[in-house]
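Below: one structure, written as structure tokens.
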Amino acid sequence: MNTFNDSVLAALTLISSLDPALWAIVLRSLAVSALACLVAYGLGVLLGAWLAVARFAGRGAVLLVLNTLLALPSVVVGLLVYLLLSRTGPLGFLGWLFSFKAMVMAQAILVLPVVTALTRQVVEDVERQHGEQWASLGAGPWVRSLLLAWDERLALLTIAVAAFGRAVSEVGAVMIVGGNIDGFTRVMTTTIALETSKGDLPLALGLGLVLLAVVLLLNLLLAGLRLWAERRHAHPMKPQALEGLRS
């Protein structure tokens, strides 16, 4: 009896049969990561774009700390959020510990430095090329940062995919602050770790395959958008076509 082959077949059966337990975990995991990335992306893009054009005392130290946070282990983030949300912590009154909200908070904090640092680098590179032109027109730091970020929106979409991949694939933070409670806070990564230790390989493998498929689909969509943008720039509309559209 081949354990590997049997596990793969059983995992594919769970996926294709729309097993309720498996897909409930998948949907919960996607919801947590999507909400966390939405919060972190909104804050991170604004902060990163501003850091790219702003000049102030101590900026180098801020960037050093920001780049250091890129390597922050997820278990450390989980520990910090746990201390904040614990009964004796400063945010204990919220009652979020071992809940969906706690996991969203932990993942948002985890991916915020990623979004901020990558956005800052992308916008700063464009700032060196076109920043003086916008400044000569009277645009302040905030206006320039927003205009440059919009100009590099496809690159920022790549950052969004990277942030989501970081969030959906981490295990330490959500396990600490969520508690891995069946039916409430159990997500794909924590379930894979738990079920593998229990010997339930089909469920663990099935969730792993779904996780890989989700990340692959996002990257395929992003590649399609980039290809569409490249073709659009390579074949600009002719003046006659523009006149036809105006009429």
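The values are calculated or read from the model by the stated rules, or taken from the named source; none is laboratory data. Owing to the predicted nature of the structure, the values given are computational and were not obtained by experimental measurement. Note that we place each Cβ from the backbone using ideal geometry, even for glycine, and neighbour counts take in every protein chain shown.
Just give me the residues in region 63-116 being at negative phi and among the small types (Gly, Ala, Ser), in sequence order. Steps first, answer last, please.
Looking only at region 63-116, we keep the residues that are at negative phi, and these are 63-94, 96-97, 99-116.
Of everything in region 63-116, those that are at negative phi and among the small types (Gly, Ala, Ser) turn out to be 71, 74, 78, 86, 89, 92, 99, 102, 106, 108.
Kindly provide the set of residues from region 6-33 that are of a type in the set (Gly, Ala, Ser) and in contact with a helix residue (DSSP H, G or I) (Cβ under 7 Å, 6 or more places away or on another chain), ordered by number.
Within region 6-33, the subset of a type in the set (Gly, Ala, Ser) is 7, 10-11, 16-17, 21, 24, 29, 31, 33.
Matches in region 6-33: 7, 10, 11, 29, 33.
Could you give me the residue pairs with C-beta distances under 6 Å whose first residue belongs to region 10-32 and is touching a residue at least 12 places away in the same chain (Cβ under 8 Å) and within 12 Å of residue 207 (Cβ to Cβ), whose second residue is part of a helix (DSSP H, G or I) and small (Gly, Ala, Ser) wherever it lies, and which are 6+ apart or on separate chains?
That search, which allows pairs on different chains as well, returns 11/206; 14/206; 15/206; 22/206.
Residue pairs, Cβ under 8 Å, 6 or more apart or interchain, first in region 54-73 and within 14 Å of residue 112 (Cα to Cα) and modelled with pLDDT of 90 or more, second surrounded by 11 or more Cβ atoms within 10 Å (Cβ to Cβ) and of a type in the set (Val, Ile, Thr). List them.
66/116; 70/114
Consider residue 128 carefully, then state whether it is touching a residue at least 24 places away in the same chain (Cβ under 8 Å) and either surrounded by fewer than 13 Cβ atoms within 10 Å (Cβ to Cβ) or over 22 Å from residue 185 (Cβ atoms) (or both).
Details: touching a residue at least 24 places away in the same chain (Cβ under 8 Å): no; either surrounded by fewer than 13 Cβ atoms within 10 Å (Cβ to Cβ) or over 22 Å from residue 185 (Cβ atoms) (or both): yes.
Here the answer is no, as residue 128 does not meet what is asked.
Which of (1) under 23 Å from the mean Cα position of the chain (by Cα); (2) closer than 17 Å to residue 45 by Cα does residue 193 not meet, given it meets every other one?
Exception for residue 193: condition (2).
Test residue 55 against the stated conditions and say whether it is among the basic types (Lys, Arg) and not in a loop (DSSP other than H, G, I, E, B). So that I can check it myself, show each step before the final result.
Values: among the basic types (Lys, Arg): yes; not in a loop (DSSP other than H, G, I, E, B): no.
It is false that residue 55 is among the basic types (Lys, Arg) and not in a loop (DSSP other than H, G, I, E, B).
Those residues that are more than 30 Å from residue 125 (Cα to Cα), among the hydrophobic types (A, V, I, L, M, F, W, C) and surrounded by 15 or more Cβ atoms within 10 Å (Cβ to Cβ), I need them from region 22-49; list them, please. So that I can check it myself, show each step before the final result.
Within region 22-49, the subset more than 30 Å from residue 125 (Cα to Cα) is 22-32.
Among the residues that remain, those that are also among the hydrophobic types (A, V, I, L, M, F, W, C) are: 22-27, 30-32.
Listed by number, the residues that qualify are 22, 23, 25, 26, 30, 32.
I'd like to know if region 75-91 contains one or more residues that are under 21 Å from residue 161 (Cα atoms), in contact with a helix residue (DSSP H, G or I) (Cβ under 6 Å, 6 or more places away or on another chain), touching a residue at least 12 places away in the same chain (Cβ under 8 Å) and of a type outside the set (Asp, Glu). Explain how you work it out, then say what you get.
Pass one, region 75-91, residues under 21 Å from residue 161 (Cα atoms): 77.
Subsequent filtering for residues that are in contact with a helix residue (DSSP H, G or I) (Cβ under 6 Å, 6 or more places away or on another chain) retains 77.
Now restrict to residues that are touching a residue at least 12 places away in the same chain (Cβ under 8 Å): 77.
Cutting the leftovers down to of a type outside the set (Asp, Glu) gives us 77.
Yes, the conditions are met somewhere in region 75-91.
Give the residues of region 198-229 that are of a type in the set (A, V, I, L, M), surrounded by 13 or more Cβ atoms within 10 Å (Cβ to Cβ) and more than 19 Å from residue 158 (Cβ to Cβ), sorted by residue number. Lay out the reasoning, then the answer.
The first filter runs over region 198-229 and keeps only residues of a type in the set (A, V, I, L, M), leaving 201, 203-205, 207, 209-218, 220-223, 225, 227, 229.
Applying the additional criterion that residues be surrounded by 13 or more Cβ atoms within 10 Å (Cβ to Cβ) yields 201, 203-205, 207, 209-211, 214-215, 218, 222, 225, 229.
Passing the criteria: 201, 203, 204, 205, 207, 209, 210, 211.
Out of (1) touching a Gly at 6+ places or on another chain (Cβ under 8 Å); (2) within 22 Å of residue 180 (Cα to Cα); (3) crowded, with 20+ Cβ neighbours inside 10 Å, the odd one out for residue 53 is which?
Here residue 53 clears every test but (2).
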